[in-house]
Every structure is written in structure tokens, then in C-alpha cells.
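**Q** Sharing a structure here in C-alpha cells format.
The values are calculated or read from the model by the stated rules, or taken from the named source; none is laboratory data. It should be emphasised that the depicted structure is a prediction, and the values quoted were computed from it without experimental measurement. A quick note on method: Cβ atoms are made from the backbone with ideal geometry, for glycine too, and the neighbour counts reach across all protein chains shown. Side chains included, ligands, DNA and RNA excluded: accessible areas come from the protein's heavy atoms. Shrake-Rupley method; radii C 1.70, N 1.55, O 1.52, S 1.80 Å.
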Amino acid sequence: MAQDQRPQQPTLGGALTVNDLAEKPDEHLGQVQVVGVVAAVAQGKGFVLVDPREYADCGLTCLAEPDTKRIPVRWIGDAPMLKQTIRVAGILSRNKEGLSFAAQEIGAP
């Protein structure tokens, strides 16, 4: 796919995009910041982020497409609003179930 061949660049302030993090998660284990659009929310448990560029192309319908990269984020605080672009600072780690991204702070990009 041509979109996947475009070079990915960190966003302003050193945060990664959802696509960057999802493509090479092992390169970013530990403290990380990512900017994405809130595509799903589970109050008290977390939310799912998609890449802002994908959201601009197809909105939330991208979630139904198998090629859409998404990042589930664990977060027990007040959930962000659906369709909101946010910056998430947290810790990406590997455990027996796979990868886990636990947010420590969320805010404006």
C-alpha cells in the first residue's frame, strides 16, 4: 500500500504517531509519547487510538478495516472524548500477553 511506504516522522515535540508505534513497537519500549485520535472508549479501563492521518481519510470507519493500526491504551482516569486528538505519555512494555501501553498522562497534542 502506498500509504505504508511514506516515511513516518515524529510529531511536534518528539511524540510518535500511532502508525510509527504500531509498526515497530519493540523499538519504543519504555517511556513514550504518542499522538492519536480517540476511536473507542471503555470508561475506567482505557481507550483506543488511531493515527490522525487515517482518521482524516476515513473517520471512525477505519476501525472496521483490517489494515488500520490501532493502539489500545490502559487508562483509569476520566476517558477522553471520542474523535478527540490527544497526546498520551506512558510506558510501553512487553508482558506474557504481548504488548501493553499504560498511560500516565493525557492531554492536548
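**Q** Return yes or no: is GLY36 touching a residue at least 24 places away in the same chain (Cβ under 8 Å) and part of a loop (DSSP other than H, G, I, E, B)? Before the answer, list the steps.
**A** Working: touching a residue at least 24 places away in the same chain (Cβ under 8 Å): yes; part of a loop (DSSP other than H, G, I, E, B): no.
Taking the combined requirement at face value, the residue does not satisfy it.
**Q** Could you please tell me which pairs satisfy a Cβ distance under 9 Å, a separation of 6+ or placement on different chains, a first residue in region 86-104 that is modelled with pLDDT under 95, and a second residue that is hydroxyl-bearing (Ser, Thr, Tyr) and open to solvent by 20 Å² or more (accessible area, probe 1.4 Å)?
**A** What qualifies is LEU99/SER93; SER100/SER93.
**Q** Could you check region 79-101 and list, in sequence order, the residues that are surrounded by 14 or more Cβ atoms within 10 Å (Cβ to Cβ) and hydrophobic (A, V, I, L, M, F, W, C)?
**A** ALA79, ILE86, VAL88, ALA89, ILE91, LEU92, LEU99, PHE101
**Q** So which residues in region 44-73 are open to solvent by 50 Å² or more (accessible area, probe 1.4 Å), within 14 Å of THR17 (Cβ to Cβ) and among the hydroxyl-bearing types (Ser, Thr, Tyr)?
**A** TYR55
**Q** Something else about it: If a residue counts only when it is farther than 17 Å from GLY14 by Cα, more than 11 Å from the chain's Cα centre (by Cα) and of a type in the set (A, V, I, L, M), which strands (runs of 3 or more DSSP E) contained entirely in region 44-109 have at least 1 such residues? First the steps, then the outcome.
**A** Details: elements: 46-50, 70-74, 85-95, 98-107.
Once the strands (runs of 3 or more DSSP E) in region 44-109 are filtered for at least 1 residues that are farther than 17 Å from GLY14 by Cα, more than 11 Å from the chain's Cα centre (by Cα) and of a type in the set (A, V, I, L, M), what remains is 98-107.
**Q** Scan PRO72, PRO80, PRO109 and give me the residue that is over 22 Å from GLY30 (Cα atoms) and at pLDDT 90 or above. Don't jump to the end; show me each part of the working.
**A** Values: PRO72 fails: over 22 Å from GLY30 (Cα atoms); PRO109 fails: over 22 Å from GLY30 (Cα atoms).
Selected residue: PRO80, the only one of PRO72, PRO80, PRO109 that is over 22 Å from GLY30 (Cα atoms) and at pLDDT 90 or above.
**Q** Another question, if that's okay. Among (1) touching a residue at least 40 places away in the same chain (Cβ under 8 Å); (2) surrounded by fewer than 14 Cβ atoms within 10 Å (Cβ to Cβ); (3) not aromatic (Phe, Trp, Tyr), there is one condition ILE76 misses while meeting the rest; what is its number?
**A** Looking at each condition in turn, ILE76 falls short on (1).
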